[in-house]
Amino acid sequence: MSRSRLARLPLLTFALPLACAPDPPADPVPCTAGFLGDASSPVAFELTAVSPDYVTEPLADGGTISLMQPPQGGQVLFVGARVTNVDSCGLKITGALRDAKTQQVRFDTRSINLIPTGDGWGVTGPVGANVAGLISNFSNIPVCANEWSTTAVDGHEYGLEVTITDRGGRTLLKKIRVTPECDEPSSAVNCVCICRAGYVPGDDCPVPIADAGAGGGGNG
């Protein structure tokens, strides 16, 4: 190809997009406490859960636990713990809800940093305090929409299994029985609908109060 012909060709330029990785979300609890309790003693923990007013409460065997609507939708159980004799940094908490009839399980695992309470223990969220800004520090067990259990989740007893494991491999599993309840006022009616046995995606359910004002459609 002659130089004169090359000169007549249009000059093409390409703009290459700059790929920038998004900043990771800030850890809701910075890790400063290190090891809590006695390293020569076994791991010990007590279970907690988040109530409809976003206050952390103790969770007992045979007790009730609130089904909550998280920002991503659906219904979850916010399960936490009060723990000692562990490394408080990068602690792994796994919460699972089990259907005893079918052995089907729904679970959530995440790494968190415990909040020290000054007595050798640490918590996922302070007991008796509002934890609306700390829900990512709890195991968010996704149980509804109920496409997995042969029994309605609301008002029926299930097995709750919580495992705590620290960075050194110290671990403990605790199992109790709980009854989930659709008792969060802003989502209770919709919760009962999507947590019922036999729920099928696309079924009509009432619009949650929290979404109705935004002009959103019903959840299905």
PRO70 vs. criteria under 11 Å from the mean Cα position of the chain (by Cα), surrounded by fewer than 22 Cβ atoms within 10 Å (Cβ to Cβ), closer than 16 Å to CYS182 by Cα and not hydroxyl-bearing (Ser, Thr, Tyr):
yes
Note on the range 130-163: residues within 29 Å of ASP203 (Cα to Cα), surrounded by fewer than 18 Cβ atoms within 10 Å (Cβ to Cβ) and among the hydrophobic types (A, V, I, L, M, F, W, C) are TRP148, ALA152
Extreme residue, surrounded by the most Cβ atoms within 10 Å (Cβ to Cβ), among residues of the range 83-114 that are basic (Lys, Arg) and part of a strand (DSSP E or B)
ARG106
Check whether at least one residue in the range 19-38 is of a type in the set (Gly, Ala, Ser), under 19 Å from THR163 (Cα atoms) and either assigned to a loop (DSSP other than H, G, I, E, B) or modelled with pLDDT of 95 or more (or both), and report yes or no.
yes
Of the residues that make up the range 59-82, is at least one at pLDDT 70 or above, in contact with a helix residue (DSSP H, G or I) (Cβ under 7 Å, 6 or more places away or on another chain), among the aromatic types (Phe, Trp, Tyr) and assigned to a loop (DSSP other than H, G, I, E, B)?
no
Do we have any residue at all in the range 196-205 that's modelled with pLDDT of 95 or more and either among the aromatic types (Phe, Trp, Tyr) or part of a strand (DSSP E or B) (or both)?
no
Anything in the range 39-58 that is in contact with a Lys or Arg (Cβ under 9 Å, 6 or more places away or on another chain) and assigned to a loop (DSSP other than H, G, I, E, B)? List them, or say none.
ALA39, PRO42, VAL43
Looking at GLY159, is it touching a Leu at 6+ places or on another chain (Cβ under 6 Å) and modelled with pLDDT of 95 or more?
no
The condition of being in a strand (DSSP E or B), surrounded by fewer than 15 Cβ atoms within 10 Å (Cβ to Cβ) and touching a residue at least 60 places away in the same chain (Cβ under 8 Å) holds, among ARG177, ARG167, only for ARG177
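The values are calculated or read from the model by the stated rules, or taken from the named source; none is laboratory data. This is a predicted model, so every value here is computed, not measured. For neighbour counting, all protein chains shown are included, and Cβ atoms are generated from backbone atoms with ideal geometry for every residue, glycine included.
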